[in-house]
Amino acid sequence: MKNWLASLGHNRGLKLLALLLAVSLWFAVGTEERTETTLNVALELANVPPNLAVASEVPAAVQVRVNGPGSLVRKLTQSRLAHTLDLAGYKAGRHNFALGPKSFSLPQGVMVTRIQPNSLKVTLVPTITRVVQVQPRLEGKLPEGLEVKTVQVRPPLITVTGPASELADLKFLNTLPIDLGQLTESAAVPTDVDFKNLHLSLKEQVPILAEITIGSKEASRTFSGVPVTAGPRPARLTPAQVAVTVQGPAAALKDLIANDLKASVDTKNLPPGKHRLNVSVNLPEGLTLAKVQPAAVTATVAK
């Protein structure tokens, strides 16, 4: 006891300063104007027992109304607040969790005046495991002139765990929406599975990729009145014009005109008279011939 009393004499100035600061802080907080606000406290579920799943709708957060010194309340509004429901040891069934002022760790001087909701109902049900297909969900539009050629999800199958009532008839799950408006070329886009409102989870966490192949948009155009030429021997052609249907990238077809198409028949070594000849068409690079109508014309070679 004497030693303890003697220690009070050491560093007397520092101890007096600390005492003054403590009294000042208490006075500042104690006399500070009080304020009231509602805090958004996130709810987190922890230690869900193996082979069980949460099958009830649990809110993502609770609204906690508090009253306290303005500085402390402002600090709380700028912090991420969370409340954890520890489900360790719980069995299948419906469980009620009451929420009260002591459920939340708040600074001294801050009081809880209301909690909404003030109780939570959590239903735990047995789970089963199933392998389901993953299908890509595409949204938005590619830039003009492009189109999706193929889409493959890796892995194509995943193993999920959840209530038997939700998995019994489930055949596939979609990915989260993939915005095509952000793409200009082929890409492997990281994504995830969209469980929507289902109480499902992946048995093993695996990265999900959507491999999207993008290419020029294909289109076709038909050009009427394309003149047909004969060569190397001159000949009179009936009909002298044909209709040509061309396929290829939409951008390449957009500015194409009939004069860009060269239709012809081969009259080499033909004797005088009438001959039925197939029409060939010379196209710009990157385009393919879909159809010529008529496909053959009559060539009359003079004597």
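The values are calculated or read from the model by the stated rules, or taken from the named source; none is laboratory data. Since the model is a prediction, treat every value here as computed from it, not as a measurement. All Cβ positions, even for glycine, are placed from backbone atoms using ideal geometry, and neighbour counts span all protein chains on display.
Among the numbered conditions (1) over 30 Å from PRO294 (Cα atoms); (2) of a type in the set (Phe, Trp, Tyr); (3) in contact with a helix residue (DSSP H, G or I) (Cβ under 8 Å, 6 or more places away or on another chain), tell me where PHE172 comes up short.
(3)
So which of THR150, THR129 is part of a strand (DSSP E or B) and either of a type in the set (D, E, K, R) or within 28 Å of LEU43 (Cβ to Cβ) (or both)?
Values: THR150 fails: either of a type in the set (D, E, K, R) or within 28 Å of LEU43 (Cβ to Cβ) (or both).
On inspection, the qualifying residue turns out to be THR129.
So, VAL48, is that one assigned to a loop (DSSP other than H, G, I, E, B), outside the structural domain of ALA250 (by TED's automatic domain parsing) and more than 30 Å from THR184 (Cβ to Cβ) or not? Don't jump to the end; show me each part of the working.
Details: assigned to a loop (DSSP other than H, G, I, E, B): yes; outside the structural domain of ALA250 (by TED's automatic domain parsing): yes; more than 30 Å from THR184 (Cβ to Cβ): yes.
Yes.
Can you pull out every residue in the range 142-154 that is modelled with pLDDT of 95 or more and either exposed (fewer than 12 other Cβ atoms within 10 Å of the Cβ) or outside the structural domain of GLU211 (by TED's automatic domain parsing) (or both)?
Across the range 142-154, the qualifying residue is only THR150.
Determine whether PRO271 is in contact (Cβ under 8 Å) with a residue 24 or more places away in the chain and surrounded by fewer than 15 Cβ atoms within 10 Å (Cβ to Cβ).
So PRO271 passes the test.
Among the listed residues VAL279, VAL265, which satisfies the condition of being crowded, with 16+ Cβ neighbours inside 10 Å, of a type in the set (A, V, I, L, M), at pLDDT 95 or above and touching a Leu at 6+ places or on another chain (Cβ under 7 Å)? First the steps, then the outcome.
On the way: VAL279 fails: touching a Leu at 6+ places or on another chain (Cβ under 7 Å).
Result: VAL265 is the single residue among VAL279, VAL265 that is crowded, with 16+ Cβ neighbours inside 10 Å, of a type in the set (A, V, I, L, M), at pLDDT 95 or above and touching a Leu at 6+ places or on another chain (Cβ under 7 Å).
Would you pick out the residues in the range 168-215 that are hydroxyl-bearing (Ser, Thr, Tyr), closer than 30 Å to LEU124 by Cα and modelled with pLDDT of 95 or more?
THR175, THR191
Output the residues belonging to the range 59-68 that are under 33 Å from the mean Cα position of the chain (by Cα) and loosely packed, with under 15 Cβ neighbours inside 10 Å.
PRO59, ALA60, ALA61, GLN63
Consider VAL62 carefully, then state whether it is assigned by TED's automatic domain parsing to the domain that holds LEU45, hydrophobic (A, V, I, L, M, F, W, C) and either in a strand (DSSP E or B) or under 25 Å from ASN197 (Cβ atoms) (or both).
yes
From THR229, THR161, which residue is of a type in the set (Val, Ile, Thr), over 22 Å from PRO136 (Cβ atoms), at pLDDT below 95 and surrounded by 13 or more Cβ atoms within 10 Å (Cβ to Cβ)?
Of the residues listed, the single one that is of a type in the set (Val, Ile, Thr), over 22 Å from PRO136 (Cβ atoms), at pLDDT below 95 and surrounded by 13 or more Cβ atoms within 10 Å (Cβ to Cβ) is THR161.
Only one of these conditions is not met by ALA296: (1) hydrophobic (A, V, I, L, M, F, W, C); (2) surrounded by 15 or more Cβ atoms within 10 Å (Cβ to Cβ); (3) in contact with a Leu (Cβ under 7 Å, 6 or more places away or on another chain). Which number is it?
If we test ALA296 against (1) hydrophobic (A, V, I, L, M, F, W, C); (2) surrounded by 15 or more Cβ atoms within 10 Å (Cβ to Cβ); (3) in contact with a Leu (Cβ under 7 Å, 6 or more places away or on another chain), just (2) comes out false.
Being among the hydroxyl-bearing types (Ser, Thr, Tyr), exposed (fewer than 11 other Cβ atoms within 10 Å of the Cβ) and assigned to a loop (DSSP other than H, G, I, E, B), is that true of even one residue in the range 69-88?
Checking the range 69-88: at least one residue is among the hydroxyl-bearing types (Ser, Thr, Tyr), exposed (fewer than 11 other Cβ atoms within 10 Å of the Cβ) and assigned to a loop (DSSP other than H, G, I, E, B).
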